[in-house]
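Each remark here refers to the structure printed beneath this line.
Since every read-out is calculated from the coordinates, none of them should be taken as a lab result. Here the structure is a predicted model, which means the values were calculated and not measured. Glycine gets a Cβ as well: all are built from the backbone with ideal geometry, and neighbour counts include every protein chain shown.
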């Protein structure tokens, strides 16, 4: 038995963290030596050398093997779970790789069928093979540094799986929600992303494509996960308006 939706999400992040989340007890902060911290994850353009995940009054700090002993030394102080959010502790942990970045805090949310609230606009529809050219143009307008061949492969995968939705205006694709390849548990989990051209934001298009995407994922009995920066209050409000609930916070270095 796979268990509840939350237990499945626990299993999903256990793979990233190299630690079985189900073994954590309330109040525990567990340091973990993890080889996954040495290279970029599938579909990512960067490597997370230190991954701090905080959830349900528990925390896992997954770190490069060569930094593991140094991490254990600073954890001798036994910080409370809430202290890991503070600037002081984020600087301590980041200092292990010489990082001065302290704002890499990400909220993770997930949605279940009972909580989903659809928001629809007439211009939103499922994307098709004939939309690939407009899809690619929009992505390159937003991310000109991206490899177009990689983008096309990703776009084709999303359309084939039937989990890409967009809003069109005046012959342009202006807002997209998609579920890029994530590398593991793809039969159970989909990570939802959204992009909207700057001049078309604040019109409800992002909410429309995310809610359509979320429904499509739930319809094929997978769990949609949504991540956004803690600074992006509009994105957090959008996800919660659709029915997403908080699962965890992640601090990435």
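Using Cα-Cα distances under 8 Å and only pairs 6 or more residues apart, what relative contact order does the chain have, in percent? Answer for the chain is 24 percent.
DSSP assigns beta bridges within the stretch 1-109; of those with both partners inside it, close to 55 percent run antiparallel. Using a cutoff of 8 angstrom between alpha carbon atoms and counting only pairs six or more residues apart, the relative contact order for the stretch 5-102 works out to 23 percent. Per the Cα gyration tensor, the stretch 5-102 maps to an equivalent ellipsoid with semi-axes of 20, 18, 12 Å, ordered largest to smallest. For mean projected area of the Cα convex hull in nm², pick the label among [x] 15.4; [y] 13.0; [z] 14.0 that corresponds to the value derived from the coordinates. The calculated read-out lines up with [z]. Relative contact order, whole percent, for the stretch 113-246 stands at 29, derived from Cα pairs under 8 Å and 6 or more residues apart.
Helix 132-142 and the longest principal axis of the C-alpha atoms of the chain enclose an angle of approximately 50°. Only Cα sites of the stretch 113-209 enter the Debye sum here, all with the same form factor; the resulting log10 I(q)/I(0) across q = 0.14, 0.18, 0.19 1/Å is -0.51, -0.85, -0.94, listed in q order. Using the Cβ-Cβ distance between residue 4 and residue 28 with R0 = 30 Å, the FRET efficiency computed as 1/(1 + (r/R0)^6) comes to roughly 0.90. Helix 233-242 and the long axis of the chain differ in direction by around 70°, with both axes built from C-alpha atoms.
Over the chain, dividing the summed -39,500 (n - 2.57) contributions of all DSSP H runs of at least 4 residues by the number of residues returns a 222 nm mean residue ellipticity of -9000 deg cm²/dmol. The stretch between residue 56 and residue 88, if pulled fully straight at 0.36 nm per residue, gains 9.3 nm over its current Cα-Cα span. Put in line by how crowded their Cβ is, counting other Cβ atoms within 10 Å and starting with the fewest, 214, 47, 196, 29 read 47, 29, 196, 214. Here the simple spin-label model places points 7 Å from the Cα toward Cβ, and for residue 150 and residue 232 these points are separated by 1.8 nm.
Taking the C-alpha atoms only, the angle from helix 5-17 to the longest principal axis of the chain is near 60 degrees.
Packing here is the average count of other Cβ atoms within 10 Å per residue, and on that basis the peptides 9-19, 68-78, highest first, run 9-19, 68-78.
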